[in-house]
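Remarks on the structure that follows.
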Amino acid sequence: EVKIEVVIPEKERSKEEMSPNGKASPLIYKVNGTARHYHLEEHPIASNPYHNPKDVVEASVCHVKDLENGQMREVDLGCGKALLIKESGEFHAVGHKCPHYGAPLVKGVLSKGRVRCPWHGACFNIGTGDIEDFPGLDSLPRFQVKIEKEKVYIRASKQALQTQRRTKMMAKCISLSNYNLSSTNVLIIGAGAAGLICAETLRQEGFSDRIVMCTMDRHLPYDRPKLSKSMDSHPEQIALRPKEFFCTYDIEVLTEMQVAAVDVKSKIAVFKDGFKMEYNKLLIATGNTPKTLSCKGKEMENVFNIRTPEDANCVVKLATSKNVVIVGASFLGMEVAAYLAERAHSVSLVELEHVPFKKFFGERVGRAVMKMFENNRVKFYMQTEVSELREQEGKLKEVVLKSGKVLRADVCVVGVGAVPATGFLKQSGINIDSKGFIVVNKMMQTNIPGVFAAGDAVTFPLASRNNKKVNVPHWQMAHMHGRIAALNMLAHGTEISTVPYLWTAMFGKSIRYAGHGEGFDDVVIQGDLDELKFVAFYTKSDEVVAVASMNYDPIVSKVAEVLAAGRTIRKRDVDAVVFLSFRTGDMSWLTGKGS
């Protein structure tokens, strides 16, 4: 016997509860060919959303004419702030901070019923507060707005004003522990952003059967970008959800468990220790495996790939007042160099290219970033490689370069790229391309029915690049992949439609980036690279395919909204885009795709 308690939004209630003849029906899911029935418990929606009158505040915040259509204002209700928005003649009020990292949304971009975060591109529906694009897990709280005598009033929960976040309602699965431990409806291999978002989306959509996530890591899902941006963070500080969350919503996480093979015909995952688990739907979200050095001495102590919080913490401890050598001017390598620059005695960075980030940001932006690092005591050794790591008493002592230079080194961090962690799928029949990436369609489906893939290990059709199959190994994209996979496990038929968005942080400054600039043939730069206040437009055949900026918010989010709407920015439009986005915020004049 299994008892299920499901809490779902009212708009979904009728859809889930009604059978084809219009009468209430239990939910039925097939697990391994066996139909199992789940009845919904009633959870009526109260007419008054504020159950405790003492927790409610109501305040007049402005006159109806104070805001024009398309404007936002941060308003203070005494015990907290809200974001007041006017669009199409209607007022809306939601939380004023992005739940991801707390960015002020009033400085973001308002467009067609949603507001986009100025820092990292997350999008929220202004009518519901629901998160519609990522990164982040939670939605915004929504507050009541009323108009009386041409004054705008907001009625809000004090708690919501203080927390500035709202977790969507989810299904709950309460079992009596008599199900088969080696069988699950949904198995998720990987516990990063894609895997967690997939599990949460399933619960948000009312899915109430067993969900199992497995990971080689020893921790519950955590904020992986912080491993190189905030290296001394402990696992509990960067956890995406507390342990209680997984217990509450019956999302099981098997830690330190590695899948060795998948039998897609029998629908069985075989773990390295021999344990086997049968599944109905499978998500593969295993991410990447960092590349290692191939030179002599690569296995010695104090040589690190930053893969876990323990790795990052250990590097910080060992590097303090010591000599650090970083191999690879990748995002990870550069962020680690920036973080350690003030802590280490010396930081040296070895790179095969002559300019960091050249392939991604272009040579001019790369040189500006390189200069910023040199001004912060980071020494570059470019156009060379490591030939040997030398030790003394079993510990790293020197890094020898092919140029002949010998660098003192107490710690070495390797950031020379990564390969998809898909080796265990070679004999599975799942379509893998020549580089090891899992090939999926717009619904994150592989060539095998019921098998989905998401995150850094996949290539998928990117709408903004004419459905070219691309790999986008970034945090925001992993979130969206996980959501789309979950929706299509439930047969929603939802196709991915998002603009890639990423950021990097170094020496207290951030570079924001939107689009997919692979293969760009020109870079148009506005602003001052020397002052590190600029916006760079990456073009291919006269069309802007990506944009990057530093100290130029919120232009990257504005361009992301243009691209998300399917509109084209031509090279000749760049001057007008920069001018108008800061004068009026209106870029609706841009042409439609292909015009």
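Points to keep in mind about this one:
- Qualifying residue in region 265-275 (condition: hydrophobic (A, V, I, L, M, F, W, C) and at pLDDT below 95): no
- Count of residues meeting criterion [assigned to a helix (DSSP H, G or I) and open to solvent by less than 40 Å² (accessible area, probe 1.4 Å)] in region 197-255: 13
- The set of residues in region 304-341 being out of contact with any Gly (no Cβ under 8 Å at 6 or more places or on another chain) and assigned to a strand (DSSP E or B) consists of Phe304, Thr320, Asn323, Val324, Val325.
- Residue check for Thr539: over 28 Å from the mean Cα position of the chain (by Cα), farther than 29 Å from Asn376 by Cβ and either open to solvent by 20 Å² or more (accessible area, probe 1.4 Å) or at pLDDT 95 or above (or both): no
- Looking at Leu396, Leu389, Leu349, just one residue is crowded, with 17+ Cβ neighbours inside 10 Å, free of Cβ contacts under 8 Å to residues at least 40 places away in the same chain and part of a strand (DSSP E or B), and that residue is Leu349.
- Flag for Lys371 being surrounded by fewer than 15 Cβ atoms within 10 Å (Cβ to Cβ), in contact with a Ser or Thr (Cβ under 7 Å, 6 or more places away or on another chain), farther than 24 Å from Tyr222 by Cα and not assigned by the TED database to the domain that holds Pro473: no
- Within region 445-472, the set of residues being open to solvent by 10 Å² or more (accessible area, probe 1.4 Å), assigned to a strand (DSSP E or B) and not basic (Lys, Arg) comprises Gln445, Thr459, Pro461.
Residue-wise test of (1) aromatic (Phe, Trp, Tyr); (2) farther than 28 Å from Ala560 by Cβ.
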position	(1), (2)
Lys402	no, yes
Leu425	no, yes
Ser434	no, yes
Phe437	yes, no
Val440	no, no
Phe460	yes, no
His474	no, no
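- Some residue of region 275-282 being crowded, with 19+ Cβ neighbours inside 10 Å and of a type in the set (Phe, Trp, Tyr): yes
- The number of residues in region 352-367 being part of a helix (DSSP H, G or I) and buried (at least 22 other Cβ atoms within 10 Å of the Cβ) comes to 2.
- Cross-chain or 6+ apart pairs with Cβ under 7 Å, region 480-493 first and hydrophobic (A, V, I, L, M, F, W, C), then assigned to a helix (DSSP H, G or I) and open to solvent by less than 10 Å² (accessible area, probe 1.4 Å): Ala485/Cys198; Ala486/Cys198; Ala486/Thr201; Ala486/Leu202; Leu487/Thr201; Met489/Leu202
Listed here are the residues, each with its yes/no results for (1) farther than 27 Å from Glu205 by Cβ; (2) under 16 Å from the mean Cα position of the chain (by Cα); (3) of a type in the set (Lys, Arg).
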| position | (1), (2), (3) |
| --- | --- |
| Met443 | no, no, no |
| Ile448 | no, no, no |
| Phe452 | no, no, no |
| Met477 | no, yes, no |
| Thr504 | yes, yes, no |
| Val523 | yes, no, no |
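Here's the yes/no breakdown for (1) farther than 30 Å from Val559 by Cβ; (2) within 21 Å of the chain's Cα centre (by Cα):
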{"position": "Ala93", "(1), (2)": "no, no"}
{"position": "Pro99", "(1), (2)": "no, yes"}
{"position": "Gly102", "(1), (2)": "no, yes"}
{"position": "Gly113", "(1), (2)": "no, no"}
{"position": "Trp119", "(1), (2)": "no, yes"}
{"position": "Leu161", "(1), (2)": "yes, no"}
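- Flag for Val544 being at pLDDT 95 or above and either farther than 16 Å from Val369 by Cβ or surrounded by 23 or more Cβ atoms within 10 Å (Cβ to Cβ) (or both): yes
The values are calculated or read from the model by the stated rules, or taken from the named source; none is laboratory data. Please read these numbers as outputs of a predicted model, since none were measured by experiment. Note that we place each Cβ from the backbone using ideal geometry, even for glycine, and neighbour counts take in every protein chain shown. The protein model used for the area step is the full one, side chains on, heavy atoms only, and it has no ligands, DNA or RNA in it. Shrake-Rupley method; radii C 1.70, N 1.55, O 1.52, S 1.80 Å.
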